[in-house]
Amino acid sequence: MKRFDYYQPQSLKEAYSLMEKAAGSAKFIAGGTDILWRIKQKAVEPDALISLRGIEGLKGIHDNGGLSLGGMTLFRDVERHSGIARDYPALMQAASMLANPQIRNMATIGGNLCNAAPSADAAPPLLVVDAVLVLEGPGGRREVSIEHFFKGPGQTAMDKTEVLTQIKIPMVEPHAGSAFLKVGRLKQDIAVVNAAALVVMKGNLCTKCRLALGAVAPVPLRLKSVEKAVEGQEIGPALLERAGEMAAKEVKPISDVRSTEEYRRAMSRVLAKEAIKRAVMSAR
């Protein structure tokens, strides 16, 4: 394994300065659960790692009408937060299914997004709530919709000098419900397919639907054709079957060491309809 320098700045200003001095040969590190493994595998070989762990302003969950999560917020904190469990159950469920408690005590929600793995568990539940990501760097601060954040496997809209400092989630709507589901080879494994759904109900009528799947395309994917087919309809068995069939056609899975294209497409059908069904139950 290549040797590298390790820095632990106490402020964003110090972190930006270290990155500029490294002239692009360093990487920011959050929880470190992914990048350290990639370094051991020689998938990446940075000259330096700049830890964000000591920057207090990047941590925490704040209720400000909606919800604000610091980029360095631990999955364990998301999992245990009563307000998230009440208002954003899909996000809590995703956090609780990530790997194991030891990993959740180290892994951060910002790091999970910035790794830009198509299977990232945090992505689908944040896509269905239309989250906005706050990116900050030497050039200033900007906001990017999570839908436009992912550009490909391992690729995001971030500049290498930027840090994901905050995740902004809109206020939950009345009569809304959400759910997250995941299938992996083993309980603690990376998702073969994951899915999140959000619905807003008026009686038996769905007035709003959001559906997102992961590990079935180069980026976590909103299934907008399914959303349109569900909105304005009463949700019953026939509509759920149709939603599942549409989802199976809309995804773009591949075969790899974890699964086949055929299995991912079949599970997309199952998880799409089940996630919508459970989101309706959550709304009620």
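Looking at the chain, what % of its DSSP beta bridges pair antiparallel, to the nearest 5?
Working: 43 of 50 bridges.
Percent antiparallel among DSSP bridges in the chain is about 85.
What does the C-alpha gyration tensor say about the overall shape of the stretch 1-103? Classify as rounded when a/c is under 1.5, otherwise prolate if a/b is larger than b/c, or oblate.
On the way: a/c = 3.38, a/b = 1.64, b/c = 2.06.
It comes out oblate by the Cα gyration axes.
Give the lysines reachable from LYS160 as a straight Cα distance under 23 Å; neighbours fewer than 8 places away on the same chain don't count.
By straight Cα distance, LYS160 reaches LYS2, LYS13, LYS21, LYS27, LYS40, LYS42, LYS59, LYS151, LYS168.
Please report the spacing between the Cα centers of the stretch 165-223 and the stretch 97-125 in Å, no decimals.
15 Å
Count the lysine pairs in the stretch 176-283 whose Cα atoms lie under 22 Å apart, taking only pairs 8 or more positions apart in sequence or on different chains.
For the stretch 176-283, the number of qualifying lysine pairs is 26.
So how far, in whole Å, is the C-alpha centre of the stretch 238-284 from the one of the stretch 22-94?
28 Å
Tabulate in residue order the Karplus-calculated ³J(HN,Hα) for the stretch 166-183, using 6.51 cos²θ - 1.76 cosθ + 1.60 with θ = phi - 60°, rounded to whole Hz; enter x for Gly and Pro.
7, 10, 9, 10, x, 4, 5, 7, x, 6, 9, x, 8, 7, 10, 9, 8, 10
Is the shape of the stretch 116-181 best called rounded, prolate or oblate, per the rule: a/c under 1.5 gives rounded, else a/b larger than b/c gives prolate, else oblate, with a ≥ b ≥ c the square roots of the Cα gyration tensor eigenvalues?
Numbers: a/c = 3.15, a/b = 1.50, b/c = 2.10.
It comes out oblate by the Cα gyration axes.
Pull up all non-local amide H partners of SER119: gap of 5 or more, or a different chain, and H-to-H distance under 5 Å with H placed in the peptide plane.
For SER119, the qualifying residues are ALA215.
Helix-only mean residue ellipticity at 222 nm, the chain, DSSP H runs n ≥ 4 weighted -39,500 (n - 2.57), per residue, nearest 500. What is it?
On the way: 11 runs with 97 residues, N = 284.
One gets -9500 deg cm²/dmol as the mean residue ellipticity at 222 nm.
Show the residues, 5+ positions off or on another chain, whose built amide H is closer than 5 Å to the amide H of VAL192.
Hits under the 5 Å cutoff: VAL183, GLY184, ARG185.
Every number in this text was worked out from the coordinates using simple rules, so none of it is lab data. Worth saying up front: this structure is predicted, and the values here are computed from it rather than measured.
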